[in-house]
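Notes follow the structure.
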Amino acid sequence: QVQLVESGGGLVQPGGSLRLACTASGDTFRTYTMGWYRQAPGKQRELVAALTSRDSPNSIDSVKGRFTISRDNTKNTVYLQMNSLKPEDTAVYYCNSVPVNRLWAWGQGTQVTVSS
């Protein structure tokens, strides 16, 4: 079973930046479209950004121009560079394939808090 480990979250002021990383075990990482999801308190988990195996990115409108997803297949790692952070970006961030692979266990996520 693929294990996912997210890191890089923290407390940042509005307008600040963070870079999240997610490392996956297993040797099929490179064949999957990978995505970053987030779940804010009291809300459903949502897909924020995705990157295909051919490096074609997509993201939701609210983060376009601020968040950039990338991957390093040699390290089985997907990244999310988050700039110009807003309080509404506060959430626990997770990675998984897109669509979600039910055989992959969700990681613990990494908390992002945007507050002054």
Can you find, within segment 1-37, the residue that is least open to solvent (accessible area, probe 1.4 Å) among those that are at pLDDT 95 or above, among the β-branched types (Val, Ile, Thr) and more than 21 Å from residue 58 (Cα to Cα)? 12
Residue 43 passes all but one of the listed conditions (1) over 19 Å from residue 97 (Cα atoms); (2) at pLDDT below 95; the exception is number (2)
Taking segment 72-92 on its own, how many of its residues are surrounded by 21 or more Cβ atoms within 10 Å (Cβ to Cβ) and β-branched (Val, Ile, Thr)? 1
Which ones in segment 47-71 are surrounded by 13 or more Cβ atoms within 10 Å (Cβ to Cβ) and either at positive phi or charged (D, E, K, R) (or both)? 66, 71
For residue 116, the lone unmet condition from (1) over 14 Å from residue 3 (Cα atoms); (2) of a type in the set (Ser, Thr, Tyr); (3) in a strand (DSSP E or B) is (3)
From the list 84, 70, which residue is under 14 Å from residue 22 (Cβ atoms) and hydroxyl-bearing (Ser, Thr, Tyr)? 70
All positions within segment 93-108 that are surrounded by 15 or more Cβ atoms within 10 Å (Cβ to Cβ) and under 21 Å from residue 57 (Cα atoms): 93, 94, 95, 96, 97, 98
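The values are calculated or read from the model by the stated rules, or taken from the named source; none is laboratory data. Keep in mind that what you see is a predicted model, and the values were worked out from it rather than measured. Please note: Cβ atoms are built from the backbone with ideal geometry, for glycine as well, and neighbour counts cover all protein chains shown. Surface areas here come from the heavy atoms of the whole protein model, side chains and all, with no ligands, DNA or RNA. Shrake-Rupley method; radii C 1.70, N 1.55, O 1.52, S 1.80 Å.
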